[in-house]
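Comments concern the structure below.
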Amino acid sequence: MKDRFSREITYLRISVTDLCNLRCVYCMPEEEVPKLRNSDLLSFEDIVEIVQMAAELGIQKVRITGGEPLTKPGIVNLCREIADVSGINEVSMTTNGILLPTMAMDLKKAGISRVNISLDTLNPQKYRNITRKGHFEEVINGIRAAEDAGMYPIKLNTVLIGGYNDDEIEDFVEITKTKDIEIRFIELMPIGEGANFHSEAFITAETILQRVPELEPMSHREGVVRLYRLPNGKGRVGLISPISQHFCSSCNRVRLTADGRLKPCLHSSQEIPLKGLRGKELRQAICQAILEKPLKHELLSPAFPSQAGRCMNEIGG
């Protein structure tokens with residue numbers, strides 16, 4: 001299905017929970033956060049029905065997100081049911097990787113073709129500081145488990161934060177020289193807890209090209225990602241720049257929150273409730289969300305934070 005600006009909307013990101021086993025500094029406050037009541041959450045039956053209707057309208061790709069999706073009881077079965085929906089040709093997941101060692105193989109068998117794993121530093125102490133709860137070795141074990149399960153290509157999501165991890169840019173890029181991994185540098189966004197960072201933390205993705213000038217642009221881009229490669233490198237480097245070079249004109253996605261609201265744009269407060277809808281009403285609501293997708297989001301900067309109205313753990317990464 002096309003929106004008003006002739007963009008083909010083929011990608012649905014589904015948050016299955018607002019809960020997470022980490023507390024990353026740009027995502028969630030350190031203290032315990034209010035959580036959704038079970039009665040407010042979409043059931044698995046609800047989610048599958050929404051995916052079925054979305055597939056009829058042209059959605060082909062689904063990404064499972066959270067919070068941390070692997071903390072959701074029964075997540076493997078849900079992934080299997082979504083992968084079995086006619087018209088869905090790819091199901092992937094964004095995860096912090098902590099629980100992958102015991103789940104990667106089952107997820108792969110259930111239909112999760114690949115994973116994006118969040119990793120903002122290669123320094124164990126900094127990892128602890130950024131995540132507040134995590135241990136570096138746990139995520140490394142998760143990456144290995146994804147490799148062993150054949151979840152290729154593995155992509156590492158690295159939020160680029162001035163004063164936190166910009167001194168590790170070359171180290172991250174170096175990984176792609178010998179490993180078939182894609183490092184995705186994502187500009188820090190002023191959304192939720194991210195809006196509280198000082199302006200110096202918001203550095204552009206172009207910093208990567210300045211620091212590693214030998215990176216060569218690849219002939220194609222993948223959705224919202226500009227792709228580069230080291231000469232003779234096995235992996236790739238992706239740049240995602242929602243602040244400095246927004247990609248709204250090619251955005252092909254909508255987001256479903258854990259409490260059943262469809263967001264046409266990440267940075268808009270607009271949400272269309274789907275929970276409790278069935279049949280024709282559900283179809284009309286999804287069509288409404290797609291047709292109301294804005295041409296672009298408002299200006300984003302430390303002085304102009306996102307209008308999303310939620311933290312990222314509530315929306316889905």
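The values are calculated or read from the model by the stated rules, or taken from the named source; none is laboratory data. Since the structure is predicted, the reported quantities are computational estimates derived from the model, not experimental observations. Methodologically, a virtual Cβ is constructed for each residue, glycine included, from the backbone with ideal geometry; neighbour enumeration extends over all protein chains shown.
Evaluate segment 154-170: report whether one residue or more is among the aromatic types (Phe, Trp, Tyr), closer than 18 Å to Gly235 by Cβ and out of contact with any His (no Cβ under 8 Å at 6 or more places or on another chain). Give the derivation first.
Here is the first cut: in segment 154-170, the ones among the aromatic types (Phe, Trp, Tyr) are 164.
Then drop every residue that is not closer than 18 Å to Gly235 by Cβ, which leaves none.
No, because not a single residue in segment 154-170 is among the aromatic types (Phe, Trp, Tyr), closer than 18 Å to Gly235 by Cβ and out of contact with any His (no Cβ under 8 Å at 6 or more places or on another chain).
Which of the numbered conditions does Glu298 fail, given that it passes all the others? Conditions: (1) touching a Phe, Trp or Tyr at 6+ places or on another chain (Cβ under 9 Å); (2) at pLDDT 85 or above; (3) among the charged types (D, E, K, R).
It fails just one condition, (2).
Just for segment 205-242: of the residues that are among the hydroxyl-bearing types (Ser, Thr, Tyr) and at pLDDT below 95, which one is surrounded by the fewest Cβ atoms within 10 Å (Cβ to Cβ)? Break it down into steps so the answer makes sense when it comes.
So the first thing to find is which residues in segment 205-242 are among the hydroxyl-bearing types (Ser, Thr, Tyr), and the list is 207, 219, 228, 241.
Still in the running and at pLDDT below 95: 219, 241.
Working: Ser219: 6, Ser241: 19.
Among those residues, the one meeting the criterion is Ser219.
Out of segment 243-275, which residues are out of contact with any helix residue (DSSP H, G or I) (no Cβ under 7 Å at 6 or more places or on another chain), surrounded by fewer than 22 Cβ atoms within 10 Å (Cβ to Cβ) and within 22 Å of Gly66 (Cα to Cα)?
Residues satisfying the conditions are Asn252, Arg253, Arg261, Ser268, Ser269, Gln270, Glu271, Pro273.
Of the residues that make up segment 11-28, is at least one more than 17 Å from the chain's Cα centre (by Cα) and either in contact (Cβ under 8 Å) with a residue 12 or more places away in the chain or under 27 Å from Glu222 (Cβ atoms) (or both)? Lay out the reasoning, then the answer.
So in segment 11-28, the residues more than 17 Å from the chain's Cα centre (by Cα) come out as none.
The answer is no; no qualifying residue exists.
When segment 259-275 is examined, which residues are found to be of a type in the set (Gly, Ala, Ser) and either modelled with pLDDT under 95 or closer than 30 Å to Ile169 by Cα (or both)?
Quick first cut of segment 259-275, residues of a type in the set (Gly, Ala, Ser) only: 260, 268-269.
Scanning segment 259-275 gives Ser268, Ser269.
Report whether or not Asn232 is out of contact with any helix residue (DSSP H, G or I) (no Cβ under 7 Å at 6 or more places or on another chain), on the phi < 0 side of the Ramachandran plot and of a type outside the set (A, V, I, L, M).
Numbers: out of contact with any helix residue (DSSP H, G or I) (no Cβ under 7 Å at 6 or more places or on another chain): yes; on the phi < 0 side of the Ramachandran plot: no; of a type outside the set (A, V, I, L, M): yes.
For Asn232, the condition - out of contact with any helix residue (DSSP H, G or I) (no Cβ under 7 Å at 6 or more places or on another chain), on the phi < 0 side of the Ramachandran plot and of a type outside the set (A, V, I, L, M) - is not met.
Within segment 172-219, which residues are free of Cβ contacts under 8 Å to residues at least 12 places away in the same chain and in contact with a strand residue (DSSP E or B) (Cβ under 7 Å, 6 or more places away or on another chain)?
Of all residues in segment 172-219, those free of Cβ contacts under 8 Å to residues at least 12 places away in the same chain come to 174, 196, 210, 213, 217, 219.
Residue satisfying the conditions is Pro217 alone.
Which strands (runs of 3 or more DSSP E) does segment 209-317 wholly contain that include 2 or more residues that are closer than 27 Å to Glu193 by Cβ, charged (D, E, K, R) and under 19 Å from the mean Cα position of the chain (by Cα)? Lay out the reasoning, then the answer.
Values: elements: 226-229, 236-240, 253-256, 261-263.
The qualifying strands (runs of 3 or more DSSP E) are 253-256, 261-263.
All but one of (1) more than 24 Å from Lys293 (Cβ to Cβ); (2) part of a helix (DSSP H, G or I); (3) of a type outside the set (Ser, Thr, Tyr) hold for Leu36; which doesn't?
(2)
Across segment 2-32, what is the number of residues that are closer than 15 Å to Leu57 by Cα, of a type in the set (A, V, I, L, M) and assigned to a loop (DSSP other than H, G, I, E, B)?
Residues meeting the conditions: 1.
Pick from Ile169, Ile140: which is in contact (Cβ under 8 Å) with a residue 12 or more places away in the chain, over 30 Å from Met53 (Cα atoms) and either β-branched (Val, Ile, Thr) or in a helix (DSSP H, G or I) (or both)? I'd like the intermediate steps shown before the answer.
Values: Ile140 fails: in contact (Cβ under 8 Å) with a residue 12 or more places away in the chain.
From the options Ile169, Ile140, the qualifying one is Ile169.
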